[in-house]
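Have a look at this one before I ask anything.
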């Protein structure tokens, strides 16, 4: 009887521990925004967006939008790169349980002999 009780209790206890661990790993803040070409205000797809510390990375969608979930609120450096543009870096503050929205403009860079399509 005791062995049956232990064999039933152990899986339930493990499930409870795994559930708590999964919940604590969920992002608590979101940084989202849009990346555009500064001069034309055209949305910029396929730009790489990185947040540091933490090394969170994503790419903008066809509408130039991105969203990154972060576990810890606080100050982050956001860096945006695209092969046809000059990289951009600035500070952003993630608030606990909130979404922070940013708008970033990148300047096109002249690449001799190449015409970069967006």
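The values are calculated or read from the model by the stated rules, or taken from the named source; none is laboratory data. Remember, it's a predicted structure, so these values are computed and weren't measured experimentally. Note that each Cβ is placed from the backbone with ideal geometry, even for glycine, and that neighbours are counted across all protein chains shown.
Is it the case that some residue within segment 99-118 is at pLDDT 95 or above and part of a loop (DSSP other than H, G, I, E, B)?
Yes: one or more hits.
Still on this structure, I have one more. Given the condition in contact with a strand residue (DSSP E or B) (Cβ under 9 Å, 6 or more places away or on another chain) and either surrounded by 10 or more Cβ atoms within 10 Å (Cβ to Cβ) or at pLDDT below 50 (or both), answer yes or no: does some residue in segment 1-24 qualify?
No, the conditions are met nowhere in segment 1-24.
Tell me, yes or no, whether segment 45-61 has at least one residue that is surrounded by 16 or more Cβ atoms within 10 Å (Cβ to Cβ) and part of a loop (DSSP other than H, G, I, E, B).
Within segment 45-61, one or more residues are surrounded by 16 or more Cβ atoms within 10 Å (Cβ to Cβ) and part of a loop (DSSP other than H, G, I, E, B).
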